[in-house]
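Enquirer: Take this structure first; my questions come after.
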Amino acid sequence: MRRAIDQYHFNSFRLAIPGMGGGSYIERRPPELQGWTADTAQYQALFRGYAGAVERHLAERGWLDEAFVYWFDEPAPRDYQFVMDGFARLRTAAPGITRMLTEQVEAELTGGPDLWCPVTTGFDAARADLRRTEGERF
């Protein structure tokens with residue numbers, strides 16, 4: 001990443017955090033780490049430890065503002081709680097890492113992502129402006 005940012009002037013990169021689970025409006029994969037599910041103490045300790053270490057590393061390198069986690073693509077309303085649970089886990093473990101979502105602003109998703117990428121036809125300028133007052137980006 002040093003070469004990509006310093007030499008080639010990349011201004012952002014997608015960061016994978018193991019154990020997030022993921023999916024899209026078609027299907028989803030539950031969070032899991034080394035065979036442990038998200039409701040276990042083992043998973044929670046592993047996830048917090050890893051995500052926290054990644055956040056510290058990014059901060060030490062000066063890359064925290066370039067990295068973002070994009071782990072779920074265009075959730076359907078039936079996925080909103082699943083997505084919010086994942087964002088809550090990430091925000092607790094590594095609050096400084098940007099959380100991206102490809103979805104228009106919906107009340108059920110506010111407070112989850114801090115970087116939104118809505119489909120153009122789903123973009124609502126008034127909702128976007130309101131989220132921007134909360135420090136979120138588009």
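The values are calculated or read from the model by the stated rules, or taken from the named source; none is laboratory data. Every value quoted in this text rests on a predicted model; they were computed, and no experiment measured them. Positions of Cβ are backbone-derived with ideal geometry, glycine not excepted, and every protein chain shown enters the neighbour counts. To get the accessible areas, we keep the full protein, side chains included, count just its heavy atoms, and leave off ligands, DNA and RNA. Shrake-Rupley method; radii C 1.70, N 1.55, O 1.52, S 1.80 Å.
Enquirer: Looking at the stretch 1-44 only, could you name the residues that are closer than 15 Å to Leu90 by Cβ, assigned to a helix (DSSP H, G or I) and either open to solvent by 50 Å² or more (accessible area, probe 1.4 Å) or touching a helix residue (DSSP H, G or I) at 6+ places or on another chain (Cβ under 8 Å) (or both)?
Expert: Scanning the stretch 1-44 gives a single hit, Gln44.
Residues are listed down the side, and each one gets a yes or a no for (1) under 17 Å from Tyr25 (Cβ atoms); (2) among the β-branched types (Val, Ile, Thr):
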| position | (1), (2) |
| --- | --- |
| Thr98 | no, yes |
| Glu106 | yes, no |
| Gly112 | yes, no |
| Leu115 | no, no |
| Val119 | yes, yes |
| Phe123 | no, no |
| Arg131 | no, no |
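Enquirer: Return the only residue of Arg56, Arg14, Arg48 being basic (Lys, Arg) and over 16 Å from the mean Cα position of the chain (by Cα).
Expert: Only one candidate passes the filter, namely Arg56.
Enquirer: So for the stretch 74-95 (the condition being at pLDDT 95 or above, open to solvent by 70 Å² or more (accessible area, probe 1.4 Å) and more than 17 Å from the chain's Cα centre (by Cα)), does at least one residue qualify?
Expert: Checked against the condition, which is being at pLDDT 95 or above, open to solvent by 70 Å² or more (accessible area, probe 1.4 Å) and more than 17 Å from the chain's Cα centre (by Cα), the stretch 74-95 yields at least one hit.
Enquirer: Output the residues belonging to the stretch 45-66 that are touching a residue at least 12 places away in the same chain (Cβ under 8 Å) and closer than 18 Å to Gly19 by Cα.
Expert: Leu46, Phe47, Arg48, Tyr50, Ala51, Gly52, Val54, Glu55, listed by residue number.
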